[in-house]
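So the structure is just underneath, and the comments pick up after that.
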Amino acid sequence: MDNLVSMEHLSKDEIFSLIETAIEFKQATNYPNLSNKYIANLFFENSTRTKCSFEMAEKKLGMNVIHFETSTSSVSKGESLYDTCKTLESIGANALVIRHSDNAYYEQLDGLNIPVINGGDGSGQHPTQSLLDLMTIYEEFGTFEGLNVLICGDIVNSRVARSNYHSLEKLGADVMFSSPDVWKDDTMKAPYVDIDAHIDQVDIVMLLRVQHERHQDAGSFGKEAYHQGFGLTKERYNKMKEHAIIMHPAPVNRGVEIDTELVESDKARIFKQMENGVYLRMSVLNQLINRKGN
Ligand code: CP
């Protein structure tokens, strides 16, 4: 693995290796020492979890984090993404974490000689979110084979849905979608189902954030109408299997994708996903930074 830009490029063995190392880090008190390595986090779209989680992971590994703010960088003078990244490589960065609104922005960066870690590209991929989701599922169930996963919401705009669909299917889980017609995406072959017909049968309910910022017609759904039609209401929660869990990449629109009282309920793993994200990102950084020749 030279870069981490898409879940579609990872084999099953690579996925398991990253998850297992992350679980080891979670149980450890000492971590690899990467204090001679430098990294920059370039976030061209807003973030709380991914940006802070990467910074925490980098600091736990002793890495030196180069401060980079898009608003005060020469990007504001029109410098291209490639020239910005090549500059950071030239001054000594050993790796870059990048979030960008353009799908597959990383295809412009083939001329770089340092690893790129995709922190989310438009509606394309969010590989570290998918890996931390997989880690959370693996900790819970110890396998992916035969698990029934219902992914609910704004499928077409969701890089989390796309990343998880590909990885869960690869690992042997059965994925179903539930979504309003306008947010369906037929490029993924999972069946679309009625949430009420399946809520009592699935092992994992994965809720997606309604991405208002990516909608042309932001007013197409009222919050209450969406919640009643596609959200996790208390009534639906009470029908879930005893061992079933709730996931959400967050940020959560409380009262829309999920009833606010369920966000920290017994079945919810939303904050555990965030906790796991630090160890999973440590695992990714450790593997990429230590690759041959870097
Ligand atoms: N889940 C996630 O990517 O959150 P942020 O947008 O806050 O990074």
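Bear in mind that the values in this text are calculations on the coordinates, not laboratory data. Because the structure is a prediction, the values reported are computed rather than measured. Note that we place each Cβ from the backbone using ideal geometry, even for glycine, and neighbour counts take in every protein chain shown.
Quote the Stokes-Einstein diffusion coefficient, in whole µm² s⁻¹, for the chain, based on the Kirkwood radius over alpha carbon pairs, a temperature of 25 °C and a viscosity of 0.890 mPa s. Calculated translational D: 125 µm²/s. For the cross-link pairs Lys234/Lys267; Lys12/Lys37; Lys60/Lys170; Lys189/Lys267, the ones whose C-alpha atoms lie over 19 Å apart are Lys12/Lys37; Lys60/Lys170; Lys189/Lys267. Here the mean projected area of the convex hull built on the C-alpha positions of the range 151-256 is 6.5 nm². Count the DSSP beta bridges whose two residues both fall in the range 1-118, then state the antiparallel fraction as a percent rounded to the nearest 5. Around 0 percent of the beta bridges assigned by DSSP in the range 1-118 are antiparallel ones.
Restricting the calculation to Cα atoms, the range 62-138 shows an Rg/Rh of 1.00 when the hydrodynamic-style radius is the Kirkwood one. In terms of packing, defined here as the mean over residues of other Cβ atoms within 10 angstrom, the peptides 13-22, 90-99 line up highest first as 90-99, 13-22. Using every pair of alpha-carbon atoms in the range 68-189, split the distances into 5 Å bins beginning at 0 and state the percent of pairs per bin, rounded to integers. Values per bin, smallest distances first: 2, 10, 17, 18, 15, 12, 10, 9, 5, 1, 0.
For the options His126, His198, His243, a Gaussian network treatment of the chain with springs between C-alpha atoms closer than 10 Å singles out His243 as fluctuating the most.
Binning the alpha carbon pair distances of the range 1-103 at 10 angstrom intervals from zero yields the distribution 12, 39, 37, 11, 1, expressed in whole percent. All C-alpha pair distances within the range 129-168, sorted into 10 Å bins from zero, spread as 28, 58, 14 percent across the bins.
You can think of it this way: the chain between Ser101 and Glu264 has 55.7 nm of extra reach, that is 0.36 nm per residue less the Cα-Cα gap. Only helices at least 24 Å long along their own axis, judged from Cα atoms, and with Kyte-Doolittle mean hydropathy of 0.0 or greater: name those in the chain from DSSP H. What comes out of the filter, once short or polar helices are dropped, is 270-289. Over all other residues within a Cβ to Cβ distance under 12 Å of Lys170, the charged ones net out to -4, with Lys and Arg as +1 and Asp and Glu as -1. Here the relative contact order of the range 13-160, from alpha carbon pairs under 8 Å that lie six or more residues apart, stands at 22 percent.
Provide the FRET efficiency to the nearest 0.05 for the Lys223-Asp181 pair, computing r from the beta carbons and using R0 = 22 Å. In this case the efficiency is close to 0.75. Work out the FRET efficiency for Asn64 and Asn290 from their Cβ-Cβ distance, taking R0 = 22 Å, and round it to the nearest 0.05. My answer for the efficiency is 0.85. Could you compute the net charge surrounding Pro251? Neighbours are other residues with a C-beta less than 9 Å from the C-beta of Pro251; K and R count +1, D and E count -1. Neighbour charge sum, excluding Pro251 itself: +2.
Roughly how many whole Å is it from the C-alpha centroid of the range 55-83 to that of the range 151-166? If you average the Cα positions of each part, the centres end up 27 Å apart.
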